[in-house]
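Read through the structure below, which is laid out as structure tokens, and then see the notes.
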Amino acid sequence: MVFESVVVDVLNRFLGDYVVNLDSSQLKLGIWGGDAVLKNLEIKENALSQLDLPFKVRAGHIGRLELKIPWTDIYNQSVEATLDGVYLLIVPTASIKYDAEKEEKQLQEARQRDLDRIEETKLKAAEQENTKLEKQDTFVEKLVTQVIKNLQVKISNIHVRYEDDITNPNCPLSFGVSLKNLSLQTADNYWKPSLLDEHSKLFFKLVQLNNLFAYWNVNSIGFTFFRPISANAKLRMNPRSDVDFSSPKVDLMVNLSEVAIELNKPQYISILELLGSVDMMSRNLPYRKYRPQVHVHRNARIWWKYVITGILEVDVKPHLHMWSWQHIRCHRETVKCYRGLYKKKITSKKPSVELLEKLEATQKSLDIFNITLARQQAEVEASKAGLRIYRPGKQMEEEESQGWFGWMWNWGGEAEAQTKEVKTGTFDGLFTVDEKAKLYTAIGYSETAANPNLPKNFEAMKVNFHMEKLSVSIKDQKDKNEIIKLTVGELKSTLTQRPGAQAIKVTAQLSLFEVTGLATKRPAPTLLSSRKAATGAGTPLFCILFETNPLDDSANQRLHVESQPLEIIYDAITVNNMSEFFRPPDDLQLDELTNATLMKLEQFRDRTSTGLLYVIETQKVLDLKVNLMASYVIIPQTGFYDGTQNIVLLDLGHFKMSSSSKKDLPQLSVGSSKIEDIMSRAYDNFDVQLSSLQLLYSKPDGDWKRARKQKRSPLHILEPVDMKVVVSRAMVVSDTRMAKYKMFGELPLLSLRISDNKLRNVLELVDSIPLPESRPAAPEAVIHSSAHCEKTPEFSRPFCFVNLTGSQEDLFYDAPSSPIGEKAFFPDNPMPLRYADLSKRTNLIKEDPQKNMTDFIMRFEINELSVQLCRLSGAQEIVVLQLDIEGLGTELKLRTFDMTSNTFLREICLKCPEYMGQ
């Protein structure tokens, strides 16, 4: 039956990469009842291959997947989808026995998926030139809206678990995520479950999430990672948003009551071990096929053969073979053969089975790059020859009668011969003219209606997120007190989209932020609090706004950040315990983990740099406003604060940063304006202000809260400092006359005042604070390496297997680069030595001489610097020595090949005020 083939094809498209092939024998489809039931589906072993991780599925199945489709009244009745009982057990690839045939099959499947994605990308790029694309998208949007409108979903009993006895055999780990229930059901406008009201302009959906939790077990001891989470969401959709702008097309409200995350020391160590082990397992995957299945003990010859064979077959022979003339000739012939076969395939409406088999056999010996290149060349040759190219799923211009489903589905089979040729399984092939008209009426679509231009202020999508409380607890052991607990309250976020202006707006605010420390025979101390330093009731602690293309058209991008002050108190016991908590064990080496992390950071930095360059080149106008109220840090004597100790208080000051507007500047023209004025406008300027940065020392009876608000007091060591800085960023970075970055700063007054008694007390306070215990010095490198190899071979060199203790002798991981190092055994462009110097000289001649660009210019000046040394006489401080400096500054210029610096001083004066009167 046609419906059965349709359902099987759709399910194969969504589940084909993860579930063993579906067929009609597994599908129980009642045409009149409209029930499609799939039971006991087996999940593929390589279902996680797209994640590029050294993990595989040891066991996995889907208990029940049911679709209830009311074919007799599909436009009015609801479609019900039920997924129940998904259980997945994931293990390291190293724990699964190597099977060459299975590995090769999975490799070919993964490569075919990559090739299919490349072809889909090329097809989408070609379709963007089609004038019917907007109409096509409108139809699909309305169809999806209609499906969601009549959709009821229930997902239950999901459990995904990872087990690992390879990372640390003496302490196996397991972690997983479990979900009890996730449902989507229709509701009325009062958000009560009900049947669908066809007369309502809007339709409403309720989403309910129950008991989502995660765990991380260490050595078979159960630990909760985060407690069960329950959430609900309310979805309101406007199916006629193209003509009715009274409400958004999608309006979603998500509410979370509480999220509690817990982490203890065994879990932390286990996470570190797993991260290091994943990197090592990934690096050793190419050598897995040569790994012997015997113990290391008494089989040294076999394991040495494994080492030698692995290096030769993976690192040495491929490079030698790659640059041999025989391989080059064979590779060129293979690519040429593949190009010809592929050309025949794309120019044939029905390629023969023999042609497809030859094409598949030839494709196995080529990589993705060469396959893609050969395909592109074949398409160019076919286009130049005037041949018609047949693409799977691509709609031909003369095949207009296919309708809109031709680009979505490509079902096989023959169609009936009509006035125009119609592909089987397309929209027109499945439905008559009357059925098609009925579908268009049901989803509110018209082929002749033009897509209207949406108003700029119309919000098509609106998402509101609200979380009442988030807490993160860190413990040394499961049953001990929390070392530190972080609490976030009333987190609200909003996302809105205005497609008429291609704009997006994100806002977020936070009402409470609190950190408490370790309670040891005392109440848990408050280390950070927003309540004690709050400036007013009802004011959010932290607010952020990001917007593109605002309605007022004053900028292309807008970023506003504002925060209220925080009180930060240093607690030595908590800080020392946190330092001990995050200190890894002596036998855990994190070199590989650190290198992998740095590599990821380098990739992130490169992507970020590329994005910033794009913003600069496209000349985006940024409206930036940052306003961070003055937070302060209290450091008490003895490291514990209860209001009875001497304290040092550091006020971080009020920080402001804003972008300079160019609206009020006069208009420039090429003929009348000077080049210097034009170049000065080619900068984005940002004003930075820091006010009331100060340092105080107070005894228990001192009123430091009042002294913070004063310009000068006996408690001040560093009197309030105000600073202004202007940072400029060039829009043009290729002109030698323009510096890429400029910074001009000014500090009106820097005043230090300290007495001998105050200095003595400050030093005593610092000395009284207990510091974290330092780790003893590491032994000699050679001894350390050998000992490390004996204790934890899983974190040593890939082939470090000198371990005869029995339980850890099988630790040989599976997985992706050479253990010798990053560099290739042979360079990619080898050449005879006699040509080396000639090549270098040629490159020098071809390269353009590098310009001496100005990278950075800075000028910073302190107008007045005052240092006062005092002695205490009774309760009064008497100035003994005073140093006054005026006009102290520096100028710095950094260029590609040189650097210049100029430091200046206008006036200096040293006084003894105590004796000046005499």
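The values are calculated or read from the model by the stated rules, or taken from the named source; none is laboratory data. Quick caveat, the model's predicted, so the values are computed rather than measured. No Cβ is skipped: glycine too gets one built from the backbone with ideal geometry, and neighbour counts run over all protein chains shown.
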Any hit, the range 327-337, residues being more than 39 Å from the chain's Cα centre (by Cα) and of a type in the set (A, V, I, L, M): yes
Residue match in the range 238-249 (condition: out of contact with any Lys or Arg (no Cβ under 8 Å at 6 or more places or on another chain), more than 17 Å from His466 (Cα to Cα) and small (Gly, Ala, Ser)): yes
Condition met for Leu470 (more than 30 Å from Val259 (Cβ to Cβ) and modelled with pLDDT of 65 or more): no
First in the range 552-576 and not assigned by TED's automatic domain parsing to the domain that holds Leu650, second anywhere and part of a loop (DSSP other than H, G, I, E, B) and among the acidic types (Asp, Glu), Cβ under 6 Å, 6 or more apart: none
Output for the range 152-182, where each listed residue is among the small types (Gly, Ala, Ser), out of contact with any Gly (no Cβ under 9 Å at 6 or more places or on another chain) and surrounded by 17 or more Cβ atoms within 10 Å (Cβ to Cβ): Ser174, Gly176
Residue within the range 320-340 that is surrounded by 13 or more Cβ atoms within 10 Å (Cβ to Cβ), aromatic (Phe, Trp, Tyr) and touching a residue at least 40 places away in the same chain (Cβ under 8 Å) present: yes
Hey, Asp137 in contact with an Asp or Glu (Cβ under 8 Å, 6 or more places away or on another chain), surrounded by fewer than 17 Cβ atoms within 10 Å (Cβ to Cβ), modelled with pLDDT under 90 and not small (Gly, Ala, Ser) or not: no
Breaking point among (1) more than 25 Å from the chain's Cα centre (by Cα); (2) crowded, with 18+ Cβ neighbours inside 10 Å; (3) basic (Lys, Arg), for Arg240: (2)
Condition check for Ile857: more than 23 Å from Pro720 (Cβ to Cβ) and modelled with pLDDT under 50: no
Filter result (aromatic (Phe, Trp, Tyr) and assigned to a loop (DSSP other than H, G, I, E, B)) within the range 292-350: Trp323
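Residues checked against (1) loosely packed, with under 10 Cβ neighbours inside 10 Å; (2) at pLDDT 80 or above; (3) in contact with a helix residue (DSSP H, G or I) (Cβ under 8 Å, 6 or more places away or on another chain):
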| position | (1), (2), (3) |
| --- | --- |
| Tyr813 | no, no, yes |
| Pro816 | no, no, yes |
| Phe826 | no, no, yes |
| Leu838 | no, no, no |
| Thr842 | no, no, no |
| Leu865 | no, yes, no |
| Gln868 | no, yes, no |
| Ile908 | no, yes, no |
| Pro913 | no, yes, no |
Output for the range 515-546, where each listed residue is modelled with pLDDT of 90 or more and of a type in the set (Gly, Ala, Ser): Gly517
The range 535-580: number of residues that are under 30 Å from Thr520 (Cβ atoms), buried (at least 17 other Cβ atoms within 10 Å of the Cβ) and more than 26 Å from the chain's Cα centre (by Cα): 14
Subset of the range 85-103 (residues that are part of a strand (DSSP E or B) and not small (Gly, Ala, Ser)): Val86, Tyr87, Leu88, Leu89, Ile90, Val91, Pro92
Cβ pairs under 6 Å, 6+ apart, first in the range 889-918 and in a helix (DSSP H, G or I), second surrounded by 12 or more Cβ atoms within 10 Å (Cβ to Cβ) and among the aliphatic types (A, V, I, L, M): Pro913/Val879; Glu914/Val880
Test for Asp591: is it out of contact with any Asp or Glu (no Cβ under 8 Å at 6 or more places or on another chain), among the charged types (D, E, K, R), farther than 30 Å from Leu715 by Cβ and modelled with pLDDT of 75 or more: no
Some residue of the range 496-514 being modelled with pLDDT of 90 or more and assigned to a loop (DSSP other than H, G, I, E, B): no
